[in-house]
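Notes for the one structure printed next.
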Amino acid sequence: MAKTGTRSERLKQAVRHLRKVDPVMRLVIDHVGPCTLKCERDRFWMLVRSILSQQISTAAARTVRDRVVALVESNSGSKRVTPTSLLALSVDDLRSAGCSQRKAEYMVALASQVDDGELELAKIGRLSNEAVIESLIRVRGIGRWTAEMFLMFSLGRLDVFPVDDLGVRNAMVNLYGLDQSASHGEFREIAESWQPYASIGSWYCWRSLETDIPTISSAD
């Protein structure tokens, strides 16, 4: 992945590449418009949000996040969720904000590992994609999907294809006429042409689910 130019320029380059190599993606881009993928610079908060979002709707996750922020603010005087401010809360405190027992435990475990330096988020951006994933999945409650979301939406890596993401898979089934039981290999084969901008192709898949796009699997 070339890293020359500003992020805005790299996103435009990615879009040009996708339009050139994939006629289906070209039509998606025509409907969706420019890529506006943004990064969450607070790496710890990004991971906390990902844990909170697991297996619940977007609206429910937003409600719980807001409650956690309010709880932290009432306890520390700041809205910023940090390892220190989170460790000042108990699992029961977090459950009172709507977290499940398991998620509350995951968040405390994450905060503890960051606080004691076992997980060095300040330096993790120096690692390769796979090394970042390996580092993160050692933390209880963080799996490969969460690590991939971190790569895309916190570190800003442009060549990540989250093949297990349900939204991406559903979008590709719709857009490319795949069977619901399509294999990982079939999804990866389509996404191969997106490289080195698979993150942007995935972003357009998510956006396609929110946009009225006709069946275009036969585009040429």
A student applying the Cα gyration tensor rule (rounded when a/c is under 1.5; otherwise prolate if a/b is larger than b/c, oblate if not) would label region 105-173 oblate
Expected unfolding gain across THR6-CYS39 under the 0.36 nm per residue rule, minus the alpha-carbon gap, is 10.5 nm
Taking the dipole of region 53-130 about the Cα centre (Lys, Arg +1; Asp, Glu -1; charges at Cβ), the one of LEU119, VAL72, ILE56 that reaches farthest to the positive side is ILE56
In region 123-194, the trypsin sites (Lys or Arg not before Pro) that sit in a DSSP loop and have at most 15 other Cβ atoms within 10 Å of their own Cβ are LYS123, ARG138, ARG140
For GLY141, other-chain or 5+-apart residues with amide H closer than 5 Å (H placed, Pro excluded) are none
Long-range amide H partners of GLU40, meaning residues 5 or more apart or on another chain whose placed amide H is closer than 5 Å, are SER154
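Viscosity 0.890 mPa s, temperature 25 °C: what is the translational diffusion coefficient of region 99-220 from Stokes-Einstein with a Kirkwood Rh over Cα pairs, rounded to a whole number of µm²/s?
Values: Rh = 16.0 Å.
The estimated diffusion coefficient comes to 153 µm²/s.
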Per-residue ellipticity at 222 nm attributable to helices in the chain (runs of n ≥ 4 DSSP H, -39500 (n - 2.57) apiece, nearest 500 deg cm²/dmol) works out to -17500 deg cm²/dmol
The distance between the Cα centres of region 1-57 and region 150-194, in whole Å, is 13 Å
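Can you list the GluC sites (Glu not before Pro) in region 114-150 that are in a DSSP coil and have 14 or fewer other beta carbons within 10 angstrom? Intermediate values should be presented prior to the final figure.
On the way: sites: GLU118, GLU120, GLU130, GLU134, GLU148; in loops: GLU118, GLU120.
Answer by residue number: GLU118, GLU120.
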Excluding residues fewer than 8 positions from LYS38 in its own chain, the aspartates and glutamates with Cα under 18 Å of it are GLU9, GLU148, ASP159, GLU210
Computed over region 43-153, the relative contact order (Cα-Cα under 8 Å, seq sep at least six) in percent reads 27 percent
Share of Cα-Cα pairs in the chain beyond 33 Å, whole percent, is 23 percent
Stretched fully, the stretch from SER193 through ALA122 gains (0.36 nm per residue minus C-alpha distance, one decimal, in nm) 22.3 nm
Calc'd 3J(HN,Hα), region 146-157, phi into Karplus 6.51 cos²θ - 1.76 cosθ + 1.60 (θ = phi - 60°), Hz, glycine/Pro = x, comes to 4, 5, 5, 4, 5, 4, 6, 9, 10, 7, x, 5
For region 124-133, Karplus-derived ³J(HN,Hα) couplings (6.51, -1.76, 1.60; θ = phi - 60°; whole Hz; x for glycine and proline) come out as 5, x, 7, 8, 5, 4, 5, 5, 4, 4
Relative contact order of the chain (C-alpha contacts under 8 Å, at least 6 apart) in percent is 28 percent
For region 167-180, in residue order, the Karplus 3J(HN,Hα) values (coefficients 6.51, -1.76, 1.60; θ = phi - 60°; whole Hz; Gly and Pro = x) are x, 4, 5, 4, 5, 5, 4, 5, 6, 10, x, 7, 7, 4
Of the residues LEU166, ALA182, LEU151, the Cα lying farthest along the dipole of region 145-190 towards its positive end, which is defined by charges on the beta carbon of Lys, Arg, Asp and Glu, belongs to LEU151
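Rule-based calculations on the coordinates, nothing more; no lab input. Since we're looking at a predicted model, the values are computed, not measured. A quick note on method: Cβ atoms are made from the backbone with ideal geometry, for glycine too, and the neighbour counts reach across all protein chains shown.
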